[in-house]
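Notes follow once the structure below has been shown.
The values are calculated or read from the model by the stated rules, or taken from the named source; none is laboratory data. Predicted model, so just to flag it, every value in this text is computed and none were measured. Reconstructed Cβ throughout: ideal geometry from the backbone, glycine too, with neighbour counts over all protein chains shown. Each accessible area value is taken on the protein alone, full model and side chains, heavy atoms only, with ligands, DNA and RNA left out. Shrake-Rupley method; radii C 1.70, N 1.55, O 1.52, S 1.80 Å.
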Amino acid sequence: IAHELRKPIYMAVVAQAFDLRQILISMSKVNWEVKDVMSQHSSYIDTLLREIQIFTMRMEDVAAKVHIPKEVYKSIWENIAHIVTHT
């Protein structure tokens, strides 16, 4: 049962860890016309990467104090990947 509960529980945690509203606002400001696509990525990518870095640092702080099982890490990062791709 614990394995089945991880995904929805950690999804709620991960969703609160990222400012998805701000990322979506930044994405909405991008001109998506093919003729205007720049060779450099948009600023929302920088925001998203920074949020992931902050989350990683927080996880490292927690892991330094409390053992986090490998299965938990895997589930959390699967949820992060899901939220990022869904956003």
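Points worth noting:
- Calculated [222 nm] ellipticity per residue, helices only, for the chain: -25000 deg cm²/dmol; basis is -39500 (n - 2.57) per DSSP H run with n ≥ 4, divided by all residues, nearest 500.
- With all protein chains kept in place, the per residue accessible area of the stretch 22-81 amounts to 77 square angstrom at a probe of 1.4 angstrom.
- Karplus (6.51, -1.76, 1.60) ³J(HN,Hα), θ = phi - 60°, over the stretch 68-81, in Hz, Gly and Pro reported as x: 10, x, 4, 5, 5, 4, 4, 5, 4, 5, 5, 5, 4, 4
- Evaluating 6.51 cos²θ - 1.76 cosθ + 1.60 at θ = phi - 60° for every residue in the stretch 51-58, the Karplus couplings come out as 4, 5, 4, 4, 4, 4, 5, 5 Hz, glycine and proline recorded as x.
- Two-decimal log10 I(q)/I(0) for the stretch 1-80, as the Debye equation yields it once each C-alpha is a single scatterer, q = 0.26 Å⁻¹: -1.26
- Gain on full stretching of the segment that runs from SER42 to ASP61 - 0.36 nm per residue minus C-alpha separation: 3.9 nm
- Dipole in debye (nearest 20) - the stretch 47-87, about Cα centre, beta carbon charges: Lys, Arg +1; Asp, Glu -1: 60 debye
- The stretch 44-87 shape via C-alpha gyration tensor axes, a/c threshold 1.5: oblate
- Portion, in percent, of the accessible area of the stretch 14-85 that falls on carbon or sulfur, probe 1.4 Å: 57 percent
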